[in-house]
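Read the structure below first, then the notes.
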Amino acid sequence: MTSESRSSWNLGRFLETLNYYGEIPFIGSFRWVQQLLGQSTNPSGAMIPPMPKQALFLAPESATALSRNLEKQLAAQDIGLRSRAIDPAATADLPLEPLLSADGLIVNSADFSPEALSSLVSRLADALGENAGVVQQPVFDFSESNPSDAWGSLDDVVMGGVSQSRLVWRDRAAVFTGRVSTDNSGGFTSVRTRNFEPPFIFSDWQGLRLRVRGDGQRYKFILRNDPGWDSPAYIYSFDTQAEQWLSINVPFQETVPTFRARSVPNAPPLDPAQIHSLQVMLSKFEYDKALNPHFEPGPFELAIASISVYRSRQLVPLVLIGAAKPDELRQQQAMLAECPLDSRLVEPRADQAELIGAIATALTPGPAA
């Protein structure tokens with residue numbers, strides 16, 4: 001079939017879409033009727049508060065004398081400190097996702113065997129590798145929760161097209177999948193949240209960060225400041241690689257204001273303080289009638305593991321308190337020299353006050369002392 005082909009339009013899917021979102025295009029919302037009947041509840045947004053500079057101390061005990069005294073020193077420099085208790089014998093099982101919200105990690109090598117320390121540093125380097133420049137906080141963690149309560153399909157059926165999509169929870173990810181068709185002058189498929197009530201407040205964050213595995217096509221991520229159904233949209237396009245997990249940054253300042261797929265150059269920039277809805281789209285077009293250069297009609301699949309807010313990292317990602325034995329210290333120096341992360345080794349000191357001062361200095365970005 002060609003792009004001008006006519007296919008059977010699915011009235012049932014059209015009505016199902018309107019019912020899910022409680023909207024009739026060009027007429028308005030009937031969500032209030034649904035709410036009166038107890039049929040529809042919109043998801044709640046929240047304020048994601050700004051995250052101050054913060055370091056995380058990994059130790060066998062949740063709090064030690066060293067970490068308590070270090071906390072006081074860092075507080076004087078407007079740096080918070082949290083401690084996380086870990087089992088030195090089980091570093092291979094340490095969940096890494098919670099560590100991504102800290103600006104810097106502090107590890108005392110005295111608490112670990114050389115093998116456990118090497119394993120831990122290797123895993124931290126892998127986890128922080130593409131996150132070395134940012135810290136993040138989850139908004140949607142699809143590894144832990146089913147997205148069906150907040151997200152629904154919004155395809156070109158609302159304009160007479162025949163594309164079909166769905167969002168399924170599979171392998172600890174939300175999978176946007178289906179078939180996109182250019183029949184009936186269509187050519188887009190998407191999933192969109194119901195409006196957040198109240199909206200999300202992402203002030204003091206730089207953008208959203210998507211963890212995705214795609215199919216080689218170009219997708220759009222869309223945010224809206226207005227709760228209206230047919231309201232201006234702020235769009236960020238991103239390319240995927242087939243079967244490869246990628247972290248995609250969506251900087252708020254780089255989103256393109258559009259209305260009905262046309263850019264609006266004089267529109268105000270996106271306001272992160274009132275995000276009413278989110279949307280992920282695969283479309284034949286970019287905007288202003290430009291074609292998507294990486295689009296293929298037919299089946300598609302985009303897995304989304306998480307959507308997080310992010311900001312720039314403000315501390316050195318990894319600080320290691322070195323071993324007292326000279327040969328072990330040399331081995332640690334060699335290990336960090338091969339580590340792809342920006343990392344610092346603090347030589348041990350008998351005087352704890354001096355050691356704490358050295359750790360605080362090592363956490364500060366800039367040339368190593």
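The values are calculated or read from the model by the stated rules, or taken from the named source; none is laboratory data. For clarity, every value in this text was computed on a predicted model and none was experimentally measured. No Cβ is skipped: glycine too gets one built from the backbone with ideal geometry, and neighbour counts run over all protein chains shown.
Only one of the numbered conditions (1) within 27 Å of Gln274 (Cα to Cα); (2) crowded, with 23+ Cβ neighbours inside 10 Å is not met by Pro199, and that is (2).
Listed here are the residues, each with its yes/no results for (1) part of a strand (DSSP E or B); (2) modelled with pLDDT under 95.
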| position | (1), (2) |
| --- | --- |
| Asn195 | no, yes |
| Leu208 | yes, no |
| Tyr234 | yes, no |
| Ser237 | yes, no |
| Ile248 | yes, no |
| Pro268 | no, no |
| Leu278 | yes, no |
| Leu282 | yes, no |
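Output the number of the condition that Pro95 fails; it satisfies all remaining conditions of (1) assigned to a helix (DSSP H, G or I); (2) at pLDDT below 90. Evaluating Pro95 over (1) assigned to a helix (DSSP H, G or I); (2) at pLDDT below 90 leaves (1) as the failure. Residues that are in a loop (DSSP other than H, G, I, E, B) and surrounded by 13 or more Cβ atoms within 10 Å (Cβ to Cβ) were ranked within segment 330-347; the one that is nearest to the chain's Cα centre (by Cα) is Leu341. Give me the pairs: first residue in segment 250-276 and free of Cβ contacts under 8 Å to residues at least 60 places away in the same chain and acidic (Asp, Glu), second residue in a loop (DSSP other than H, G, I, E, B) and loosely packed, with under 14 Cβ neighbours inside 10 Å, beta-carbon distance under 6 Å, and six or more apart or on different chains, which are they? No pair meets every condition. Cβ-Cβ contacts under 8 Å between residues 6 or more apart (or on different chains), taken from a first residue in segment 324-336 that is closer than 14 Å to Pro348 by Cβ to a second residue that is loosely packed, with under 12 Cβ neighbours inside 10 Å, are absent. In segment 353-366 there is no residue matching the filter, namely being assigned to a strand (DSSP E or B), within 17 Å of Leu58 (Cα to Cα) and in contact (Cβ under 8 Å) with a residue 24 or more places away in the chain.
Being surrounded by 19 or more Cβ atoms within 10 Å (Cβ to Cβ), touching a helix residue (DSSP H, G or I) at 6+ places or on another chain (Cβ under 7 Å), among the aliphatic types (A, V, I, L, M) and closer than 29 Å to Pro138 by Cα holds for only one residue in Ile359, Ile321, and it is Ile359. Within segment 239-283, the set of residues being under 17 Å from the mean Cα position of the chain (by Cα), farther than 25 Å from Pro198 by Cβ and not acidic (Asp, Glu) comprises Thr240, Gln244, Trp245, Leu246, Ser247, Ile248, Asn249. A search for C-beta distances below 9 Å between a residue of segment 155-182 that is within 16 Å of Arg213 (Cβ to Cβ) and assigned to a loop (DSSP other than H, G, I, E, B) and any residue that is modelled with pLDDT of 90 or more and of a type outside the set (Asp, Glu), counting only pairs 6+ apart in sequence or on different chains, returns Asp171/Ala303; Arg172/Phe142; Arg172/Ala305. Screening Asp111 against (1) at pLDDT 90 or above; (2) of a type in the set (D, E, K, R); (3) in contact with a helix residue (DSSP H, G or I) (Cβ under 7 Å, 6 or more places away or on another chain) leaves a single unmet condition, (1). Filter segment 66-92 down to residues that are outside any loop (DSSP other than H, G, I, E, B) and out of contact with any helix residue (DSSP H, G or I) (no Cβ under 8 Å at 6 or more places or on another chain) and give me whichever is surrounded by the most Cβ atoms within 10 Å (Cβ to Cβ). Filtering first and then ranking leaves Ser67.
For the residues Val212, Val191, the requirement of being surrounded by 20 or more Cβ atoms within 10 Å (Cβ to Cβ), in the same structural domain as Ala305 (by TED's automatic domain parsing) and either under 18 Å from Phe285 (Cα atoms) or touching a Gly at 6+ places or on another chain (Cβ under 6 Å) (or both) singles out Val191. When segment 279-299 is limited to residues that are out of contact with any Phe, Trp or Tyr (no Cβ under 8 Å at 6 or more places or on another chain) and surrounded by 19 or more Cβ atoms within 10 Å (Cβ to Cβ), the one that is nearest to Val168 (Cα to Cα) turns out to be Phe295.
Taken together, the residues in segment 176-188 that are surrounded by fewer than 23 Cβ atoms within 10 Å (Cβ to Cβ) and touching an Asp or Glu at 6+ places or on another chain (Cβ under 6 Å) amount to 1. Taking the listed residues Val139, Val135, the one that is surrounded by 21 or more Cβ atoms within 10 Å (Cβ to Cβ) and outside any helix (DSSP H, G or I) is Val135, with no other qualifying.
Residue under question is Ser153, and the condition is that it be modelled with pLDDT of 90 or more and buried (at least 19 other Cβ atoms within 10 Å of the Cβ); does it hold? No.
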